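The values are calculated or read from the model by the stated rules, or taken from the named source; none is laboratory data. Since the model is a prediction, treat every value here as computed from it, not as a measurement. So basically every Cβ, Gly included, is an ideal-geometry build from the backbone, and we count neighbours across all protein chains shown. Quick note on the areas: whole protein, heavy atoms, side chains included, nothing else; ligands and nucleic acids left out. Shrake-Rupley method; radii C 1.70, N 1.55, O 1.52, S 1.80 Å.
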Amino acid sequence: MARFRAQPLARIHTALDSLLSAHLAVEEAGFVAVDLYDGCMLYDFDEHRMMLCDMDEYRAGPFVPEADRLPGSTRYMAPEEFVRGAVIDIRTTVFTLGRALRLLLDAGDQERQWRGTAAQLEVVGTATSAAPERRFPSVHSLVEAWRSAGPRHA
């Protein structure tokens with residue numbers, strides 16, 4: 001993670017865009033992310049590209065968990081993923097992606113060294129609202145807001 005975070009911002013933005021683009025396809029297919037965390041994101045430092053792996057927990061959505069909590073890293077999980085009977089839908093994926101954006105664009109684990117724009121941090125705040133109805137209603141709307149909020153890097 002430290003090596004990834006030390007990359008130039010243009011490379012990090014390109015990697016984040018790959019993560020978001022992949023989840024546009026996930027949304028289009030009618031699935032929601034479950035157990036997405038940094039261990040599912042492999043960065044090829046030679047080719048400068050992000051790859052995703054270990055996505056076997058993704059499920060058709062929306063769904064209602066039958067367990068007390070879903071699998072995953074607590075740093076990335078939405079509050080509803082800890083509640084038996086809660087609705088898990090695309091807004092849950094929005095939360096998880098918001099956490100990924102927050103953690104991957106910060107220079108450290110304490111979330112005190114934000115490297116993005118103030119507008120990007122606002123997007124992250126909306127995406128990670130504790131109340132699902134206050135989040136972006138789709139990955140598509142999150143991606144639109146994210147791309148509008150930050151610098152474009154080729």
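The stretch between residue 10 and residue 118 holds 37.2 nm of extra length on full extension. This uses 0.36 nm per residue minus the Cα-Cα distance. Projected over all directions and averaged, the alpha-carbon convex hull of segment 28-154 occupies 8.2 nm².
Here's the picture: charge each Lys and Arg Cβ at +1 and each Asp and Glu Cβ at -1 in segment 15-61, and of 50, 23, 39 the one pushed furthest to the positive end of that dipole is 23.
Across segment 27-96, the fraction of Cα-Cα pairs farther apart than 15 Å, rounded to a whole number, is 54%.
Taking only protein heavy atoms and a 1.4 Å probe, the accessible area of the chain is 51% carbon and sulfur. Of all the options 35, 17, 54, the one that moves most in a Gaussian network model of the chain with Cα springs shorter than 10 angstrom is 54. Mind checking which of 127, 100, 86 has the largest fluctuation in a GNM of the chain, springs on alpha carbons under 10 Å? In this elastic network of the chain, the residue with the biggest mean-square fluctuation among 127, 100, 86 is 86. For the chain, the residue among 13, 90, 117 whose Cα projects farthest onto the positive side of the dipole built from Cβ charges is 117.
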